[in-house]
Amino acid sequence: MRSNTVVLGRVKETYTTGARRLASRSIVGLTRTRLTPNALTAAGVTLCAVASVLVFFENRNELLFFWLGAILFVAGSVLDILDGALARAGGKTTPFGAFMDSTTDRMSEAFMLGAIALVLVREGSELGVGLTVAAIAGSFLVSYTRARAEALGLRGDVGIGSRAERVVVITVGLVLAPWVPLELALAVLTATAWITVLQRVLHVRNQLRARGDTPNV
């Protein structure tokens, strides 16, 4: 189990580093324009909201609406990543901007998972709805544990299932939805989210021990 986690961690580090380099190159051109980080944030969450509406109408044409939803969801999620990078590169970082960035990230994910839940309700899949609820709770706790850790002056960004990974799982699930049950993607999403929560809790506990603060548990 430990060896698998290590391998997953190395894979994550590899593609995360590559994604950051690509984002940095993309930001160079954007810093020369009048485009603001807040504009990217608004555009990102709007695209994700539209994507969720499209997914809800999948019963009219599975292939068309699932795929359009997946494309717009990815586009919106990329913009949600670039807004922070643009703010840092252009020296436009503000506490409120960081707060809004984090908040809209959660909104974007909730929109899509909510739409998937409605699709599964229509299909009568109680298992799927339950997995969606568990995935939403897990994804929100992943972000919460990081925020609480950083509020304590600790590192809380460890784990195999951060937002980037969740976006990938949701997108793959939507693309394959015409042939593969959405429940499978939701099961993967739920498992990685809750494993990440556990990883972050244990990591915070170890950091507290290392600095001499003995946890109560």
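The values are calculated or read from the model by the stated rules, or taken from the named source; none is laboratory data. The model shown is predicted, which means the values in this text are computed figures rather than measured ones. Positions of Cβ are generated from backbone atoms using ideal geometry, with glycine treated the same way; all protein chains shown enter the neighbour counts.
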Can you tell me which residues in region 67-76 are buried (at least 22 other Cβ atoms within 10 Å of the Cβ) and farther than 30 Å from T93 by Cβ? G69, A70
Residue count for region 105-135, restricted to those that are among the β-branched types (V, I, T) and either buried (at least 21 other Cβ atoms within 10 Å of the Cβ) or not in a helix (DSSP H, G or I) (or both): 3
In region 183-215, which residues are of a type in the set (V, I, T) and under 18 Å from R148 (Cα atoms)? I195, T196, V197, V201, V204, T214
Inspect all residues belonging to region 52-73 and state whether any of them is modelled with pLDDT under 95, hydroxyl-bearing (S, T, Y), under 22 Å from S102 (Cβ atoms) and part of a helix (DSSP H, G or I). no
In region 168-217, anything in contact with a Ser or Thr (Cβ under 9 Å, 6 or more places away or on another chain) and not in a helix (DSSP H, G or I) is listed as P181
Picked from region 163-182 (must be surrounded by fewer than 18 Cβ atoms within 10 Å (Cβ to Cβ) and touching a Gly at 6+ places or on another chain (Cβ under 9 Å)), the residue nearest to F56 (Cα to Cα) is P181
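Select from region 43-66 the residues that are of a type in the set (D, E, K, R) and surrounded by 15 or more Cβ atoms within 10 Å (Cβ to Cβ) and list them in ascending order.
Result: E58, single match.
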Please tell me if V168 is within 19 Å of A70 (Cβ to Cβ) and β-branched (V, I, T). yes
Residue check: is V142 in contact with a helix residue (DSSP H, G or I) (Cβ under 6 Å, 6 or more places away or on another chain), under 22 Å from L79 (Cα atoms) and surrounded by fewer than 20 Cβ atoms within 10 Å (Cβ to Cβ)? no
Being under 14 Å from the mean Cα position of the chain (by Cα), modelled with pLDDT of 95 or more, aliphatic (A, V, I, L, M) and buried (at least 17 other Cβ atoms within 10 Å of the Cβ) is the requirement here; does A187 meet it? no
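Is it the case that I160 is crowded, with 17+ Cβ neighbours inside 10 Å and part of a helix (DSSP H, G or I)? Spell out how you get there, then give the answer.
On the way: crowded, with 17+ Cβ neighbours inside 10 Å: yes; part of a helix (DSSP H, G or I): no.
For I160, the condition - crowded, with 17+ Cβ neighbours inside 10 Å and part of a helix (DSSP H, G or I) - is not met.
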